[in-house]
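Participant: One structure, pasted below without further comment.
What follows draws every value from the coordinates through simple rules; no lab data is involved. All figures in this text were calculated on a predicted structure; none of them were measured in a lab. Backbone-built Cβ (ideal geometry, glycine too); neighbour counts: all protein chains shown.
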Amino acid sequence: MFDLPASTIVNKNIPKKTFDEYATPKQKRLFTNVVSKIKWAYKLSQQTINLNGIEVKEIQIFEIELKEKSNINELLLLINRVIPYPILFEIKHEEFLMYSISQKHSHPTNENQAVVDWTFSTDWKTPKEPIFTLQLAHNLDFVFSEICFQISGIQSFKNRDVTKLIAVEQKMKLLNINIDKLSISIKNCKQFNRKVALFRQLRILSNEMEEFKSEFTV
């Protein structure tokens, strides 16, 4: 997985039933039907890598093996809410891998829960495709920030500010949603003049997306 110091290794299986008290019936079925195994693989902290942080005190690394290649965002959100520390998930199915990590903060009225602000995720990849490397330097805030930027694929910020990165991803998501809506409207439109106007709007949004991507992505 990652070439990390022996001091970071946890290698502890987490029973799926650990999350039963927080899960809905649907989520319990997902755990049963889709997830094969959850392992707490590594812990990055001052005790394990001699790095501290201001915002980030620990980073946990979980490996999740799936019975089938499936979307488990709902389960990742559940786990992220239950465990207050940032978690880097490595999700596996056969030779395919994907990674996910979330920015979150403490719940204002429930100290046993976290609030997820944004989630960074890769697509499914094969081991031959480079994902990222863990840069254990400076402090845990830096380590967390670099993980987020590498998973996002947006590398052109001079200031590695995760809050600004989230704003960029949010704008890209909104542009994609609007482009998809316009594409559906064009497909369903029967009036020629209306379709021409929709194509014009789509071209403007598509150009805006390309300019935005060229500014912030590598």
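Participant: Which ³J(HN,Hα) values, rounded to whole Hz and listed in residue order, are derived for the range 27-40 from phi using the Karplus coefficients 6.51, -1.76 and 1.60 in 6.51 cos²θ - 1.76 cosθ + 1.60 with θ = phi - 60°, glycine and proline given as x?
Facilitator: 5, 4, 5, 4, 4, 5, 7, 10, 8, 8, 7, 10, 10, 7
Participant: So for the pair residue 117, residue 82, with labels modelled 7 Å out along Cα→Cβ, what separation do we get in nm?
Facilitator: 2.4
Participant: Right, another one. Residue separation times 0.36 nm, minus the C-alpha to C-alpha distance between residue 68 and residue 129: what's the value?
Facilitator: 19.9 nm
Participant: Follow-up. How much FRET efficiency would the formula 1/(1 + (r/R0)^6) give for residue 105 and residue 164, where r is the Cβ-Cβ distance and R0 is 22 Å, rounded to 0.05?
Facilitator: Computed FRET efficiency for residue 105 and residue 164: 0.85.
Participant: I'd like the orientation of helix 192-216 relative to the chain: the angle between its Cα long axis and the longest Cα principal axis, in ° from 0 to 90, rounded to 10.
Facilitator: The angle comes out near 40 degrees.
Participant: In a GNM of the chain with a 10 Å cut-off on Cα contacts, which of 149, 96, 199 has the highest mean-square fluctuation?
Facilitator: Looking only at 149, 96, 199, the largest GNM fluctuation is found for 199.
Participant: What angle, in degrees between 0 and 90 and rounded to the nearest 10, separates the Cα long axis of helix 140-152 from the longest principal axis of the Cα atoms of the chain?
Facilitator: It is inclined by approximately 40 degrees.
Participant: Going by amide H atoms built from the backbone, whose H comes under 5 Å of the H on residue 37, apart from near neighbours?
Facilitator: Result for residue 37 returns 65.
Participant: Please give the contour-minus-distance gain from residue 55 to residue 181: 0.36 nm per residue of separation, less the Cα-Cα distance, rounded to one decimal in nm.
Facilitator: Between residue 55 and residue 181, full extension yields 41.6 nm more.
Participant: So what does log10 I(q)/I(0) come out to for the chain at q = 0.09, 0.17 Å⁻¹, using the Debye formula with one equal point on every Cα and no solvent?
Facilitator: -0.45, -1.27
Participant: To continue, here is another question. Given q = 0.12 Å⁻¹, what are the Debye log10 I(q)/I(0) values for the range 9-106, with equal point scatterers placed on the Cα positions and solvent ignored?
Facilitator: -0.39
Participant: Full extension from residue 196 to residue 46: what is 0.36 nm times the residue separation minus their Cα-Cα distance, to one decimal in nm?
Facilitator: Once the chain is fully extended between residue 196 and residue 46, it gains 48.0 nm.
Participant: Out of residues 5 or more away from residue 10 or on other chains, whose amide H comes under 5 Å of its own, with H placed 1.01 Å from N in the peptide plane?
Facilitator: Here the answer is 42, 43, since their amide H atoms fall under 5 Å of that of residue 10.
Participant: Moving on. Going by how many other Cβ atoms sit within 10 Å of their own, how do 48, 126 line up, fewest first?
Facilitator: Listing 48, 126 from fewest to most nearby Cβ atoms yields 126, 48.
Participant: Just in the range 82-135: which GluC sites (Glu not before Pro) are loop by DSSP and have at most 11 other Cβ atoms within 10 Å?
Facilitator: Sites meeting the loop and neighbour criteria: 94, 95, 111.
Participant: Next question. For helix 73-82, report the angle its Cα long axis makes with the longest principal axis of the Cα atoms of the chain; keep it between 0 and 90° and round to the nearest 10°.
Facilitator: Roughly 40 degrees, rounded to the nearest 10.
Participant: In whole Hz and in residue order, list the ³J(HN,Hα) couplings for the range 52-68 that follow from phi through the Karplus curve 6.51 cos²θ - 1.76 cosθ + 1.60, θ = phi - 60°; x for Gly and Pro.
Facilitator: For the range 52-68, the Karplus curve yields 10, x, 8, 8, 10, 9, 8, 10, 9, 10, 10, 9, 10, 9, 9, 7, 8 Hz.
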